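S.K.: Submitted below is the structure of interest, expressed as structure tokens.
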Amino acid sequence: QVQLVESGGGLVQAGGSLRLSCVGSGRTFNSNAMGWFRQAPGKDREFVAVINWSERIKYYGDSVKGRFTISRDNAKNTVYLQMNSLRPEDTAVYYCAARSSPVTSALLNGYDFWGQGTQVTVSS
């Protein structure tokens, strides 16, 4: 059974940092593009970041550029999201996702595997 399991969410004050992790099991994702998305209450799920298999290609949503960093450790089948300078508007459930392709994508329907999500709450 293929699974993606996120961890690292929590409550943090504005200006603080969190590091999310996503561990894959059931198969390796070393040759796959992997991404992070988020969904705030009452809003659509939105793209946050994506990384290709070699870490040479990374893209970010406009609202997180310069504050968030995506990375991966293929030996651990894990992708990370370092979130700095957090704002109340970053409050959302954060989802890890993996593509069946090595090509990066910011589109929700481009992803084949999804985690259950981890809650991030930023207080003002």
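A quick yes/no check of all residues on (1) open to solvent by less than 30 Å² (accessible area, probe 1.4 Å); (2) acidic (Asp, Glu); (3) more than 13 Å from the chain's Cα centre (by Cα):
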site: LEU86; (1), (2), (3): yes, no, yes
site: THR91; (1), (2), (3): no, no, yes
site: ARG99; (1), (2), (3): no, no, no
site: ALA106; (1), (2), (3): no, no, no
site: GLY110; (1), (2), (3): yes, no, yes
site: TRP114; (1), (2), (3): no, no, no
site: GLN119; (1), (2), (3): no, no, no
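S.K.: Which of the numbered conditions does VAL12 fail, given that it passes all the others? Conditions: (1) modelled with pLDDT of 95 or more; (2) β-branched (Val, Ile, Thr); (3) farther than 23 Å from THR121 by Cα.
M.R.: It is condition (3) that VAL12 fails.
S.K.: Would you please name the residue that is farthest from GLN119 (Cα to Cα), looking only at residues in region 49-106 that are aromatic (Phe, Trp, Tyr) and at pLDDT 95 or above? I'd like the intermediate steps shown before the answer.
M.R.: Kept after step one, since they are aromatic (Phe, Trp, Tyr), are these residues of region 49-106: 53, 59-60, 68, 80, 94-95.
With the extra rule that they be at pLDDT 95 or above, the set shrinks to 59-60, 68, 80, 94-95.
Numbers: TYR59: 22, TYR60: 20, PHE68: 16, TYR80: 15, TYR94: 6, TYR95: 9 Å.
The selected residue is TYR59.
S.K.: What are the residues in region 101-121 that are touching a Gly at 6+ places or on another chain (Cβ under 9 Å) and farther than 21 Å from SER71 by Cβ, if any?
M.R.: Selection gives GLN119, THR121.
S.K.: Please go through region 34-86 and pick out each residue that is among the basic types (Lys, Arg) and either more than 18 Å from GLN3 (Cβ to Cβ) or free of Cβ contacts under 8 Å to residues at least 24 places away in the same chain (or both). So that I can check it myself, show each step before the final result.
M.R.: Step one: filter region 34-86 for residues among the basic types (Lys, Arg), giving 38, 43, 45, 56, 58, 65, 67, 72, 76.
Within region 34-86, ARG38, LYS43, ARG45, ARG56, LYS58, LYS65, ARG67 qualify.
S.K.: Has region 55-67 got at least one residue that is within 12 Å of the chain's Cα centre (by Cα), outside any loop (DSSP other than H, G, I, E, B) and of a type in the set (A, V, I, L, M)?
M.R.: no
S.K.: Checking the condition surrounded by 15 or more Cβ atoms within 10 Å (Cβ to Cβ) and in contact (Cβ under 8 Å) with a residue 40 or more places away in the chain, which residue from SER21, SER31, SER25 passes? Write out each step before concluding.
M.R.: Numbers: SER31 fails: surrounded by 15 or more Cβ atoms within 10 Å (Cβ to Cβ); SER25 fails: surrounded by 15 or more Cβ atoms within 10 Å (Cβ to Cβ).
After applying the criteria, what remains is SER21.
S.K.: Here's another thing I want to ask about it. How many of the residues making up region 2-42 are of a type outside the set (D, E, K, R), in a strand (DSSP E or B) and within 15 Å of the chain's Cα centre (by Cα)? Full working, then the answer.
M.R.: In the first step, residues of region 2-42 are kept if they are of a type outside the set (D, E, K, R); the result is 2-5, 7-18, 20-26, 28-37, 39-42.
From the residues that got through so far, the ones that are in a strand (DSSP E or B) too are 3-5, 7, 10-13, 18, 20-25, 34-37, 39.
Now narrow it down to the ones that are within 15 Å of the chain's Cα centre (by Cα): 3-5, 7, 10, 18, 20-24, 34-37, 39.
Within region 2-42, residues that are of a type outside the set (D, E, K, R), in a strand (DSSP E or B) and within 15 Å of the chain's Cα centre (by Cα) number 16.
S.K.: Looking only at region 60-77, how many residues end up being among the small types (Gly, Ala, Ser) and crowded, with 16+ Cβ neighbours inside 10 Å? Break it down stepwise before answering.
M.R.: Initial filter on region 60-77 (among the small types (Gly, Ala, Ser)): 61, 63, 66, 71, 75.
Restricting the remaining residues to those that are crowded, with 16+ Cβ neighbours inside 10 Å gives 61.
Number of matching residues: 1.
The values are calculated or read from the model by the stated rules, or taken from the named source; none is laboratory data. Not measured: the values here are computed from a predicted model. Note: ideal-geometry Cβ built from the backbone for every residue, glycine included; neighbour counts use all protein chains shown. Ligands, DNA and RNA are excluded from the accessible area calculation, which covers all protein heavy atoms including side chains. Shrake-Rupley method; radii C 1.70, N 1.55, O 1.52, S 1.80 Å.
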